[in-house]
Amino acid sequence: MSVMPSAPEAVDLDAVRSVAGAIHSAMTTVITGKDDVVTTAVTVLLAEGHLLVEDVPGVGKTMLAKSLARAIDCRVSRVQFTPDLLPSDITGVSIFNQDSRQFEFRRGAVFANVVVGDEINRASPKTQSALLEAMEERQVTVDGTTYELPRPFLVMATQNPIEMEGTYPLPEAQRDRFMARLSIGYPSARSELSMLETHGAINPLDALRPVTTAEDVQRQIEAIRNLHTSSALRQYVVDIVSSSRSHRMLRLGASPRAGLQLLRAARSRAALDGRDHVLPEDVQHMAVPVLAHRVLPTGEASLARHSTADLVRDLVGRTAVPGR
(Lines give C-alpha, C1' and ligand atoms only; values in the text may rest on other atoms or scores of the structure.)
Protein backbone atom coordinates (compact mmCIF):
# COMPACT_ATOMS: atom_id res chain seq x y z
CA MET A 1 0.00 0.00 0.00
CA SER A 2 1.44 3.37 -1.02
CA VAL A 3 1.85 6.02 1.64
CA MET A 4 0.84 9.55 0.78
CA PRO A 5 3.52 12.14 1.56
CA SER A 6 2.69 14.22 4.61
CA ALA A 7 1.67 17.82 4.00
CA PRO A 8 4.20 20.44 5.05
CA GLU A 9 3.65 21.98 8.45
CA ALA A 10 1.94 25.35 8.58
CA VAL A 11 4.32 28.25 8.94
CA ASP A 12 4.08 30.13 12.24
CA LEU A 13 4.04 33.60 10.69
CA ASP A 14 3.77 35.31 14.07
CA ALA A 15 7.04 33.72 15.18
CA VAL A 16 8.76 34.64 11.91
CA ARG A 17 7.63 38.26 12.11
CA SER A 18 8.53 38.46 15.79
CA VAL A 19 12.12 37.32 15.21
CA ALA A 20 12.53 39.39 12.03
CA GLY A 21 10.99 42.47 13.65
CA ALA A 22 13.27 42.23 16.68
CA ILE A 23 16.39 41.98 14.49
CA HIS A 24 15.19 44.82 12.27
CA SER A 25 14.46 47.11 15.24
CA ALA A 26 17.86 46.41 16.78
CA MET A 27 19.70 47.10 13.53
CA THR A 28 17.87 50.39 12.89
CA THR A 29 19.26 51.77 16.14
CA VAL A 30 22.63 51.64 14.38
CA ILE A 31 21.71 52.03 10.68
CA THR A 32 19.46 55.09 10.51
CA GLY A 33 17.28 56.07 7.58
CA LYS A 34 17.89 52.84 5.63
CA ASP A 35 14.92 50.63 6.49
CA ASP A 36 14.84 49.02 3.04
CA VAL A 37 18.52 48.03 3.30
CA VAL A 38 18.00 46.53 6.77
CA THR A 39 14.89 44.67 5.56
CA THR A 40 16.84 43.15 2.65
CA ALA A 41 19.61 42.02 5.01
CA VAL A 42 17.09 40.31 7.33
CA THR A 43 15.31 38.78 4.31
CA VAL A 44 18.57 37.23 3.10
CA LEU A 45 19.35 35.90 6.58
CA LEU A 46 15.97 34.13 6.86
CA ALA A 47 16.24 32.88 3.26
CA GLU A 48 19.48 31.09 4.23
CA GLY A 49 21.54 33.13 1.78
CA HIS A 50 24.70 35.24 1.77
CA LEU A 51 24.93 38.99 1.31
CA LEU A 52 27.38 41.13 -0.66
CA VAL A 53 27.41 44.81 0.35
CA GLU A 54 29.03 46.95 -2.34
CA ASP A 55 29.38 50.70 -1.97
CA VAL A 56 31.77 53.62 -1.59
CA PRO A 57 33.78 54.04 1.64
CA GLY A 58 32.19 55.48 4.75
CA VAL A 59 28.50 54.75 4.17
CA GLY A 60 28.23 52.00 6.79
CA LYS A 61 28.90 48.71 4.97
CA THR A 62 30.80 47.17 7.88
CA MET A 63 28.40 48.74 10.41
CA LEU A 64 25.48 47.01 8.68
CA ALA A 65 27.23 43.64 8.89
CA LYS A 66 28.26 44.12 12.50
CA SER A 67 24.80 45.26 13.59
CA LEU A 68 23.18 42.14 12.13
CA ALA A 69 25.81 39.94 13.78
CA ARG A 70 25.35 41.58 17.19
CA ALA A 71 21.56 41.37 17.05
CA ILE A 72 21.79 37.58 17.19
CA ASP A 73 23.21 35.69 20.17
CA CYS A 74 25.51 33.48 18.12
CA ARG A 75 29.12 32.93 17.18
CA VAL A 76 30.49 35.75 15.03
CA SER A 77 33.83 36.12 13.27
CA ARG A 78 35.25 39.04 11.35
CA VAL A 79 37.87 38.70 8.63
CA GLN A 80 39.78 41.66 7.21
CA PHE A 81 40.67 40.47 3.72
CA THR A 82 44.19 41.43 2.65
CA PRO A 83 46.53 40.19 -0.13
CA ASP A 84 48.57 38.12 2.36
CA LEU A 85 45.54 36.33 3.88
CA LEU A 86 45.87 32.57 3.42
CA PRO A 87 43.09 30.06 2.63
CA SER A 88 43.91 28.25 5.89
CA ASP A 89 43.10 31.46 7.77
CA ILE A 90 39.57 31.04 6.45
CA THR A 91 39.01 27.30 6.63
CA GLY A 92 41.43 26.17 9.33
CA VAL A 93 44.56 24.04 9.41
CA SER A 94 45.78 20.71 10.82
CA ILE A 95 48.58 21.16 13.38
CA PHE A 96 50.74 18.40 14.82
CA ASN A 97 50.40 18.13 18.61
CA GLN A 98 53.71 17.11 20.13
CA ASP A 99 52.07 15.83 23.33
CA SER A 100 49.44 13.57 21.75
CA ARG A 101 51.60 12.81 18.69
CA GLN A 102 48.55 13.44 16.50
CA PHE A 103 47.33 16.08 14.12
CA GLU A 104 44.65 18.39 15.49
CA PHE A 105 42.36 20.55 13.42
CA ARG A 106 42.33 24.23 14.33
CA ARG A 107 39.14 25.81 13.05
CA GLY A 108 39.36 28.91 10.88
CA ALA A 109 37.25 32.06 10.81
CA VAL A 110 34.52 30.43 8.70
CA PHE A 111 33.38 28.31 11.66
CA ALA A 112 30.83 30.84 12.90
CA ASN A 113 27.15 31.57 12.43
CA VAL A 114 27.82 35.01 10.97
CA VAL A 115 31.06 35.66 9.09
CA VAL A 116 31.77 39.32 8.37
CA GLY A 117 34.27 39.67 5.52
CA ASP A 118 35.63 43.19 5.05
CA GLU A 119 36.85 44.16 1.56
CA ILE A 120 36.69 40.66 0.13
CA ASN A 121 38.11 41.82 -3.21
CA ARG A 122 41.47 42.62 -1.57
CA ALA A 123 42.23 38.93 -0.97
CA SER A 124 43.89 36.73 -3.58
CA PRO A 125 41.70 34.53 -5.80
CA LYS A 126 43.02 31.45 -3.97
CA THR A 127 41.81 32.81 -0.64
CA GLN A 128 38.50 33.96 -2.12
CA SER A 129 37.90 30.46 -3.47
CA ALA A 130 38.35 29.03 0.04
CA LEU A 131 34.90 30.43 0.77
CA LEU A 132 33.26 28.66 -2.19
CA GLU A 133 32.64 25.27 -0.61
CA ALA A 134 31.71 26.84 2.72
CA MET A 135 29.13 29.17 1.20
CA GLU A 136 27.50 26.61 -1.06
CA GLU A 137 27.84 23.32 0.83
CA ARG A 138 28.03 24.75 4.36
CA GLN A 139 30.98 22.52 5.07
CA VAL A 140 34.77 22.63 4.89
CA THR A 141 37.10 19.87 3.73
CA VAL A 142 40.69 19.94 5.05
CA ASP A 143 43.18 17.12 4.50
CA GLY A 144 40.40 14.83 3.27
CA THR A 145 38.20 15.34 6.32
CA THR A 146 34.88 17.18 6.05
CA TYR A 147 33.67 19.44 8.85
CA GLU A 148 30.10 20.73 9.06
CA LEU A 149 29.58 24.44 9.64
CA PRO A 150 27.18 25.69 12.32
CA ARG A 151 23.59 26.63 11.45
CA PRO A 152 22.47 29.22 10.65
CA PHE A 153 25.41 30.25 8.48
CA LEU A 154 25.62 33.65 6.82
CA VAL A 155 28.52 35.33 5.04
CA MET A 156 28.23 39.11 4.81
CA ALA A 157 31.03 40.45 2.63
CA THR A 158 31.80 44.05 1.75
CA GLN A 159 33.74 45.52 -1.12
CA ASN A 160 34.61 48.97 -2.40
CA PRO A 161 33.85 49.28 -6.13
CA ILE A 162 35.89 52.42 -6.80
CA GLU A 163 39.37 51.65 -5.43
CA MET A 164 40.35 48.81 -7.74
CA GLU A 165 44.15 49.14 -7.54
CA GLY A 166 45.63 46.10 -5.83
CA THR A 167 42.31 44.25 -5.73
CA TYR A 168 41.08 40.99 -7.25
CA PRO A 169 37.53 41.33 -8.63
CA LEU A 170 35.26 38.50 -7.58
CA PRO A 171 34.82 35.98 -10.42
CA GLU A 172 31.29 35.18 -11.58
CA ALA A 173 31.37 31.80 -9.81
CA GLN A 174 32.02 33.52 -6.50
CA ARG A 175 29.48 36.30 -7.01
CA ASP A 176 26.84 33.71 -7.91
CA ARG A 177 27.10 32.27 -4.40
CA PHE A 178 25.84 35.49 -2.86
CA MET A 179 22.06 35.47 -2.74
CA ALA A 180 21.82 39.24 -2.92
CA ARG A 181 23.91 42.33 -3.44
CA LEU A 182 22.93 45.71 -2.11
CA SER A 183 24.28 49.23 -1.91
CA ILE A 184 23.58 51.37 1.13
CA GLY A 185 23.94 54.78 -0.52
CA TYR A 186 24.34 58.14 1.16
CA PRO A 187 21.94 59.02 3.99
CA SER A 188 19.38 61.78 3.75
CA ALA A 189 20.29 65.16 5.25
CA ARG A 190 18.03 64.47 8.24
CA SER A 191 19.52 61.03 8.85
CA GLU A 192 23.05 62.39 8.53
CA LEU A 193 22.29 65.14 11.06
CA SER A 194 20.86 62.56 13.47
CA MET A 195 23.97 60.45 12.98
CA LEU A 196 26.23 63.39 13.88
CA GLU A 197 24.21 64.05 17.02
CA THR A 198 24.24 60.45 18.28
CA HIS A 199 27.25 58.69 16.79
CA GLY A 200 29.55 61.56 17.67
CA ALA A 201 29.16 60.91 21.39
CA ILE A 202 28.82 57.12 21.53
CA ASN A 203 29.21 54.10 19.31
CA PRO A 204 25.67 52.72 18.89
CA LEU A 205 27.08 49.23 18.39
CA ASP A 206 28.23 49.23 22.02
CA ALA A 207 24.62 49.54 23.17
CA LEU A 208 23.24 46.89 20.82
CA ARG A 209 22.34 43.67 22.64
CA PRO A 210 21.23 40.33 21.12
CA VAL A 211 17.48 40.15 20.60
CA THR A 212 17.26 36.51 19.47
CA THR A 213 19.29 33.32 19.38
CA ALA A 214 20.86 31.30 16.59
CA GLU A 215 18.44 28.45 17.37
CA ASP A 216 15.44 30.76 16.99
CA VAL A 217 16.73 32.08 13.66
CA GLN A 218 17.31 28.55 12.38
CA ARG A 219 13.76 27.55 13.32
CA GLN A 220 12.36 30.43 11.28
CA ILE A 221 14.62 29.56 8.32
CA GLU A 222 13.29 26.00 8.31
CA ALA A 223 9.69 27.24 8.66
CA ILE A 224 10.00 29.60 5.69
CA ARG A 225 11.08 26.69 3.47
CA ASN A 226 7.50 25.38 3.78
CA LEU A 227 5.89 28.60 2.54
CA HIS A 228 3.46 27.86 -0.29
CA THR A 229 4.45 28.74 -3.85
CA SER A 230 2.03 28.00 -6.69
CA SER A 231 3.12 26.36 -9.93
CA ALA A 232 2.29 29.61 -11.76
CA LEU A 233 4.55 31.55 -9.40
CA ARG A 234 7.42 29.10 -9.93
CA GLN A 235 6.92 29.40 -13.70
CA TYR A 236 7.07 33.18 -13.31
CA VAL A 237 10.50 32.88 -11.66
CA VAL A 238 11.71 30.60 -14.46
CA ASP A 239 10.42 33.04 -17.09
CA ILE A 240 12.30 35.95 -15.52
CA VAL A 241 15.55 34.03 -15.18
CA SER A 242 15.42 32.49 -18.65
CA SER A 243 14.58 35.84 -20.28
CA SER A 244 17.84 37.23 -18.93
CA ARG A 245 19.71 34.74 -21.13
CA SER A 246 18.17 36.14 -24.30
CA HIS A 247 18.08 39.84 -23.40
CA ARG A 248 19.85 41.79 -26.12
CA MET A 249 21.67 44.00 -23.59
CA LEU A 250 23.06 41.10 -21.55
CA ARG A 251 25.99 38.92 -22.61
CA LEU A 252 25.62 36.65 -19.58
CA GLY A 253 22.25 35.76 -18.12
CA ALA A 254 21.28 34.41 -14.71
CA SER A 255 22.10 30.82 -13.77
CA PRO A 256 19.62 28.16 -12.58
CA ARG A 257 21.01 28.79 -9.09
CA ALA A 258 19.77 32.37 -9.46
CA GLY A 259 16.21 31.10 -9.91
CA LEU A 260 16.44 29.01 -6.75
CA GLN A 261 17.84 31.95 -4.80
CA LEU A 262 15.15 34.29 -6.15
CA LEU A 263 12.39 31.92 -5.06
CA ARG A 264 13.91 31.52 -1.58
CA ALA A 265 14.26 35.29 -1.19
CA ALA A 266 10.66 35.79 -2.32
CA ARG A 267 9.47 33.23 0.25
CA SER A 268 11.32 35.09 2.99
CA ARG A 269 9.94 38.41 1.84
CA ALA A 270 6.37 37.05 1.89
CA ALA A 271 6.82 35.65 5.41
CA LEU A 272 8.15 38.98 6.68
CA ASP A 273 5.01 40.61 5.27
CA GLY A 274 2.88 38.12 7.20
CA ARG A 275 1.69 36.03 4.25
CA ASP A 276 1.69 32.24 4.02
CA HIS A 277 2.03 32.34 0.22
CA VAL A 278 4.28 34.09 -2.28
CA LEU A 279 2.97 36.76 -4.65
CA PRO A 280 4.51 38.01 -7.91
CA GLU A 281 5.22 41.29 -6.07
CA ASP A 282 7.60 39.43 -3.75
CA VAL A 283 9.54 38.13 -6.74
CA GLN A 284 9.60 41.57 -8.35
CA HIS A 285 10.79 43.22 -5.13
CA MET A 286 13.74 40.83 -4.77
CA ALA A 287 14.66 40.56 -8.47
CA VAL A 288 17.22 43.39 -8.53
CA PRO A 289 19.09 42.45 -5.30
CA VAL A 290 19.19 38.79 -6.34
CA LEU A 291 19.85 39.03 -10.10
CA ALA A 292 21.70 42.29 -10.84
CA HIS A 293 25.13 41.07 -9.65
CA ARG A 294 24.81 37.78 -11.56
CA VAL A 295 24.35 39.18 -15.08
CA LEU A 296 26.86 40.92 -17.34
CA PRO A 297 25.94 43.77 -19.71
CA THR A 298 27.04 43.93 -23.31
CA GLY A 299 29.48 46.58 -24.48
CA GLU A 300 26.59 48.47 -26.02
CA ALA A 301 24.75 48.55 -22.68
CA SER A 302 27.87 49.74 -20.86
CA LEU A 303 28.42 52.54 -23.39
CA ALA A 304 24.80 53.58 -22.96
CA ARG A 305 25.37 53.61 -19.18
CA HIS A 306 22.67 51.05 -18.50
CA SER A 307 23.30 49.47 -15.10
CA THR A 308 22.56 45.80 -14.54
CA ALA A 309 19.86 46.88 -12.07
CA ASP A 310 18.16 48.85 -14.85
CA LEU A 311 18.37 45.87 -17.20
CA VAL A 312 16.88 43.52 -14.59
CA ARG A 313 13.99 45.94 -14.04
CA ASP A 314 13.48 46.01 -17.79
CA LEU A 315 13.30 42.23 -18.17
CA VAL A 316 11.00 41.94 -15.14
CA GLY A 317 8.74 44.55 -16.71
CA ARG A 318 8.66 42.59 -19.97
CA THR A 319 7.80 39.26 -18.30
CA ALA A 320 4.11 38.36 -18.15
CA VAL A 321 2.73 38.28 -14.59
CA PRO A 322 0.65 35.18 -13.80
CA GLY A 323 -3.05 35.81 -13.38
CA ARG A 324 -2.97 39.18 -15.15
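The values are calculated or read from the model by the stated rules, or taken from the named source; none is laboratory data. Values in this document were obtained by computation on a predicted structure and should not be read as measured data. Because the Cβ atoms are built from the backbone with ideal geometry, glycine has one as well, and the counts that use them run over all protein chains shown. Just the protein is used for accessible areas: all its heavy atoms, side chains included, with ligands, DNA and RNA removed. Shrake-Rupley method; radii C 1.70, N 1.55, O 1.52, S 1.80 Å.
Got a sec? Which of 316, 312, 288 is under 29 Å from residue 15 (Cβ atoms), hydrophobic (A, V, I, L, M, F, W, C), open to solvent by less than 70 Å² (accessible area, probe 1.4 Å) and not in a loop (DSSP other than H, G, I, E, B)?
Exactly one residue qualifies, and that residue is 288.
Can you find, within region 48-84, the residue that is farthest from residue 118 (Cα to Cα) among those that are among the charged types (D, E, K, R) and open to solvent by 50 Å² or more (accessible area, probe 1.4 Å)?
This residue is 73.
Among 176, 206, 143, which is the only one that is open to solvent by 10 Å² or more (accessible area, probe 1.4 Å) and at positive phi? Let's see the steps before the verdict.
Values: 176 fails: at positive phi; 206 fails: at positive phi.
So the residue among 176, 206, 143 that is open to solvent by 10 Å² or more (accessible area, probe 1.4 Å) and at positive phi is 143.
Please find, among 302, 268, the residue that is open to solvent by 30 Å² or more (accessible area, probe 1.4 Å), of a type in the set (Gly, Ala, Ser) and part of a helix (DSSP H, G or I).
None of the other options fit; the residue is 302.
When you go through 186, 168 one by one, which is the residue that is of a type in the set (Phe, Trp, Tyr) and either in contact with a Pro (Cβ under 9 Å, 6 or more places away or on another chain) or farther than 24 Å from residue 119 by Cβ (or both)?
168
Please enumerate the residues belonging to region 168-218 that are closer than 30 Å to residue 307 by Cβ, assigned to a helix (DSSP H, G or I) and not charged (D, E, K, R).
Passing the criteria: 173, 174, 189, 191, 193, 194, 195.
Within region 209-225, which residues are charged (D, E, K, R) and either within 21 Å of the chain's Cα centre (by Cα) or surrounded by 19 or more Cβ atoms within 10 Å (Cβ to Cβ) (or both)?
If the condition is that a residue be charged (D, E, K, R) and either within 21 Å of the chain's Cα centre (by Cα) or surrounded by 19 or more Cβ atoms within 10 Å (Cβ to Cβ) (or both), then 215, 216, 219, 222, 225 are the ones that fit.
What residue, among those in region 90-129 that are touching a Lys or Arg at 6+ places or on another chain (Cβ under 7 Å) and part of a loop (DSSP other than H, G, I, E, B), is most open to solvent (accessible area, probe 1.4 Å)?
Only one residue tops the list, namely 113.
Pairs, please: C-beta under 7 Å, at least 6 apart or cross-chain, first residue in a helix (DSSP H, G or I) and in region 15-26, second among the acidic types (Asp, Glu) and open to solvent by 10 Å² or more (accessible area, probe 1.4 Å)?
Pairs that qualify, where the first residue is in a helix (DSSP H, G or I) and the partner is among the acidic types (Asp, Glu) and open to solvent by 10 Å² or more (accessible area, probe 1.4 Å), are 19/216.
A quick yes/no check of all residues on (1) touching a helix residue (DSSP H, G or I) at 6+ places or on another chain (Cβ under 7 Å); (2) not hydrophobic (A, V, I, L, M, F, W, C):
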{"residue": "34", "(1), (2)": "no, yes"}
{"residue": "64", "(1), (2)": "yes, no"}
{"residue": "83", "(1), (2)": "yes, yes"}
{"residue": "89", "(1), (2)": "no, yes"}
{"residue": "107", "(1), (2)": "no, yes"}
{"residue": "110", "(1), (2)": "yes, no"}
{"residue": "125", "(1), (2)": "no, yes"}
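Whether any residue in region 75-89 is under 21 Å from residue 214 (Cβ atoms) and touching a residue at least 60 places away in the same chain (Cβ under 8 Å) is what I want to check.
yes
Among the residues of region 280-319, which ones are under 18 Å from residue 263 (Cα atoms) and out of contact with any helix residue (DSSP H, G or I) (no Cβ under 7 Å at 6 or more places or on another chain)?
Answer for region 280-319, where residues must be under 18 Å from residue 263 (Cα atoms) and out of contact with any helix residue (DSSP H, G or I) (no Cβ under 7 Å at 6 or more places or on another chain): 281, 317.
Being among the aromatic types (Phe, Trp, Tyr), open to solvent by 90 Å² or more (accessible area, probe 1.4 Å) and touching a residue at least 12 places away in the same chain (Cβ under 8 Å), is that true of even one residue in region 226-236?
For region 226-236, residues among the aromatic types (Phe, Trp, Tyr), open to solvent by 90 Å² or more (accessible area, probe 1.4 Å) and touching a residue at least 12 places away in the same chain (Cβ under 8 Å): absent.
Does region 190-210 contain any residue that is over 23 Å from residue 313 (Cα atoms) and touching a strand residue (DSSP E or B) at 6+ places or on another chain (Cβ under 8 Å)?
yes
Could you list all residues from region 99-115 that are out of contact with any Ser or Thr (no Cβ under 7 Å at 6 or more places or on another chain) and closer than 20 Å to residue 49 by Cα?
Correct list: 111, 113, 114.
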